[in-house]
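The block underneath contains the structure these notes are about, expressed in structure tokens.
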């Protein structure tokens, strides 16, 4: 095997056991360190293939601190820990480990985790090489493409976008004394839409005079080499460079990669990519761009050579809107153009082509299954089945049989052999919805299946090889579930290779209008009614409401309005949205001042009753199943029924 492993573990017995285990299985242990300092000393002389890394170590620094160093050095690492503190898990997750081994562990767990880590590491390297080849080819094509200079600059940015996402791209030339003159800015305003501007347009947008902008440019110095600014580093550089600060404030930008392209001894072009996320750019992205500098220089030189090049002072660009060559988003079934959804689309298109596991997180009703379907549709497995399993809707005693299948006679009622969802999804994708609801004992079995890539039917004896891609989703806070002992840490890290966090509807208000119009057209067609638009009053109410049930609640609201619509006027709300406890930003509305504890309890119960009624009306009285009130409220159906009985909610209250 001849792979070198560095063990960073402060407990002598565990470290010794690990050394014996690894050497017995053909690995070379290149060192054991009890602290980050000792590990860094070893790393100066050795380059291990992988590091087994405990989180809690001797000294002031932790394994998480060392993980950041390993990231910079592009060395794979797997955490060893029994710590389930939520803040520690969040910090560990941010370092993107290649695995997580929970103490105490079996020999087989360690070996399988190492195999998976090596496989993922090699896969990542192969993907990285493939990405560079594809991007190199795209840039080579751009050099000779007969298009205008501005379009060529934009297409250069779009070629980079899948690998280094940005919300704003600026292009400028180095001026005497090293200052930068920003000649073009491309602000991303949709999935494939960009607002472009020169200096005069930037002055109009920011309200700062051109002379003042020119003076700011004098303080924006060109770095010698590619550099990234994230989190506090970005805040510091903005304080030092007023033009960066102005761009950041105007367009809500929070991180940056700056790439100097030396066109000649006298001329340097500066490509700056900005993101609205504070930690958008990683060391590997900076390295990725650095390797592409020669290809980017060729493209830019072809731009400069244009007769009407992008940088002549006489050639000022009128503000205009430009779109990608494709013209439309490939995610046609997903409605939304808000910045948060554009970011989701970027992540989706990035991960879809690969075999990576994806964990989709978000509140109930945010569209997690739709995102899963979009990933499958854009993946190489799109011609094979997508099999959906709702882990929260299956009885605990049937989940194992549902996932893995069973043999005839495996249990009472098993009169025939049945294949499970894993086999149904062969060569396709398995979507495990509400994975947070899965019982702990089955989590162990699922983890082993994901590691060993084989299953056994209930009552079966022979293992069956599987070839499926795993997507999972939950509306639960899995870090909290882990901390409270309800979800396995190692399974979490096995699923959480590429997390996608869906925003609630209240955080993407710009999407409410297009979503409402989409649902209105859909239901008008379904119920054979003309679509005459949505009244201004109704749209105002829709945009003010906080949507605790998210898109599903909005869909139900629109359907109800269409059903009650007279087909003669624009749609109107027939029932108020403000009957729940969330009005004007979420404050609880009470119609009287409580004077005693009994008054407080009465108001609380009435508020809860009104809120439950608003949700039940939105689901048309449906409690159970997909889109039911229990799902919207993230409650068990029996719990909701119990609350309804206690509060005296009757059928006639819902359908009054």
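The values are calculated or read from the model by the stated rules, or taken from the named source; none is laboratory data. Bear in mind that the values here come from a model prediction, so they are computed numbers and not experimental data. So basically every Cβ, Gly included, is an ideal-geometry build from the backbone, and we count neighbours across all protein chains shown.
Scanning the range 400-426 for residues being touching a helix residue (DSSP H, G or I) at 6+ places or on another chain (Cβ under 7 Å) and part of a loop (DSSP other than H, G, I, E, B) gives a total of 1. If you scan the range 17-37, which residues turn out to be part of a helix (DSSP H, G or I) and touching a strand residue (DSSP E or B) at 6+ places or on another chain (Cβ under 8 Å)? Matches in the range 17-37: 18, 19, 22, 23, 36. Summed over the range 455-506, the residues that are at pLDDT 90 or above, surrounded by fewer than 16 Cβ atoms within 10 Å (Cβ to Cβ) and within 22 Å of residue 403 (Cβ to Cβ) give a count of 2.
Taking the range 444-540 and the helices (runs of 4 or more DSSP H) fully enclosed by it, the elements with 3 or more residues that are in contact with a strand residue (DSSP E or B) (Cβ under 7 Å, 6 or more places away or on another chain) and either under 30 Å from residue 342 (Cβ atoms) or without any contact (Cβ under 8 Å) to a residue 40 or more places away in the chain (or both) are at 512-526.
Could you please find all residues in the range 563-583 being modelled with pLDDT of 90 or more and surrounded by 21 or more Cβ atoms within 10 Å (Cβ to Cβ)? Matches in the range 563-583: 571 only.
Counting only residues that are touching a residue at least 12 places away in the same chain (Cβ under 8 Å), over 20 Å from residue 165 (Cβ atoms), in contact with a helix residue (DSSP H, G or I) (Cβ under 9 Å, 6 or more places away or on another chain) and not in a helix (DSSP H, G or I), the range 194-220 holds 5 of them. What about residue 219, is it within 17 Å of residue 256 (Cβ to Cβ) and surrounded by fewer than 15 Cβ atoms within 10 Å (Cβ to Cβ)? Criteria met by residue 219. Select from the range 274-292 the residues that are closer than 17 Å to residue 223 by Cβ and touching a strand residue (DSSP E or B) at 6+ places or on another chain (Cβ under 6 Å) and list them in ascending order. Within the range 274-292, 274, 281, 286, 289 qualify. All conditions in (1) part of a loop (DSSP other than H, G, I, E, B); (2) free of Cβ contacts under 8 Å to residues at least 12 places away in the same chain; (3) over 22 Å from the mean Cα position of the chain (by Cα) hold for residue 382, with the sole exception of (3).
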